[in-house]
Structures are given as C-alpha cells and as structure tokens.
Amino acid sequence: MTTTISFLYPDEQKFRLNKEKTALFCDSLLQAVGKPEFSLSVVLVDDNRIREMNHRYRQKDKATNVLSFPFADGAEPVLAELPIHELGDIIISLDTAVKEARQYNVSFSRRLCWLIIHGLLHLCGMDHERSQQEAEEMAVREQQLLNHYEQILCNE
C-alpha cells in the first residue's frame, strides 16, 4: 500500500504541504475503507487543469473541487488478471480547495482532508449523485473518516 502525491500546480511553493504526512493520511484511509493492499495517486492541480479534465471526462466546462478516476473503469479485462492493486487517481484543485476553505470557514488542510476522503469514497464506489440515500450515507462516512483521521494531516 502506497500513496503517491504529485503536484501539477504552477507554484508548488505557494502551498506548504507535507507530502509524507499527506501520503500517511491517505494510507490510513485506505486501511479504514478496507483497501490496505491498494495503491492510490493524489494529483494536486490548479483550476485550469481540473476544468479541462472536467470538460473532457464529464462534459462539464467548469472547475470543480475533486475528480476521481477508478483504475478499473474502462480498463481492458486482461488487466484484472495482473497483480496490480491500484485503486485509482484523485485529482484535487488547490485553487478551489482554498476558496472552499474560506467559504466553509475551515483551514485549508481540513478542506484538503475532506476532498481526499470524498475522492476516495468515490473510488470505493460511493456516489452522492445517484440518490439522496447514498448522498446521506456518503456524508456520514466522510464525517466519520474526517473526525477519526484528520489529526494526521489536518492541524487546525
């Protein structure tokens, strides 16, 4: 189980993000959701890049806070036979995370934690857009994970 944290943000120094702590946070979440044998990729981008991805993959021409791409989606069936344990990619807009942190009156690190959790739950198959019941279940699980694991990364 490993998590890779990548910056594709024009000014990485703008954010004092500890990649090791962020990866530890993600690895702890993988344990919590019963996927300890899986790897995960978290890619931190700006609004322009996530807007392009949102348009290309979801036909929505606007920036969003987080996108999730499960490894198995669209993969060739032969890949299931390989000893690869990759859960997928979580793409997060740091620009939007900053705006939302201000909007919700929380620290940037707490908002980043929530976005990682939200993206991970999507990779695990949860989807708040399918039904109100699933949205409520996802919100409860997000809060449980945030309350339990935020001390690793989210120093208020």
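Tell me, yes or no, whether region 120-134 has at least one residue that is under 20 Å from Glu20 (Cβ atoms) and either touching a residue at least 24 places away in the same chain (Cβ under 8 Å) or in a helix (DSSP H, G or I) (or both). Yes, there is a match, as at least one residue in region 120-134 is under 20 Å from Glu20 (Cβ atoms) and either touching a residue at least 24 places away in the same chain (Cβ under 8 Å) or in a helix (DSSP H, G or I) (or both). May I ask you to list the residues in region 58-78 that are farther than 18 Å from Lys35 by Cα, among the aliphatic types (A, V, I, L, M) and at pLDDT below 80? If the condition is that a residue be farther than 18 Å from Lys35 by Cα, among the aliphatic types (A, V, I, L, M) and at pLDDT below 80, then Ala75, Val78 are the ones that fit. Confirm whether Glu100 is modelled with pLDDT of 95 or more, of a type in the set (Asp, Glu) and in a helix (DSSP H, G or I). Here the answer is yes, as Glu100 does meet what is asked. Consider region 8-26 and keep the residues that are in contact (Cβ under 8 Å) with a residue 24 or more places away in the chain and crowded, with 17+ Cβ neighbours inside 10 Å. The one that is nearest to His118 (Cα to Cα) is Cys26. Does region 46-57 contain at least one residue that is modelled with pLDDT of 95 or more, touching a helix residue (DSSP H, G or I) at 6+ places or on another chain (Cβ under 6 Å), closer than 18 Å to Glu142 by Cα and of a type in the set (D, E, K, R)? No, every residue in region 46-57 fails to be modelled with pLDDT of 95 or more, touching a helix residue (DSSP H, G or I) at 6+ places or on another chain (Cβ under 6 Å), closer than 18 Å to Glu142 by Cα and of a type in the set (D, E, K, R).
For region 107-151, taking the residues that are surrounded by fewer than 21 Cβ atoms within 10 Å (Cβ to Cβ) and small (Gly, Ala, Ser), the one that is modelled with the highest pLDDT is identified as Ala139.
The values are calculated or read from the model by the stated rules, or taken from the named source; none is laboratory data. Quantities reported herein were computed from a predicted structural model and do not represent experimental measurements. Because the Cβ atoms are built from the backbone with ideal geometry, glycine has one as well, and the counts that use them run over all protein chains shown.
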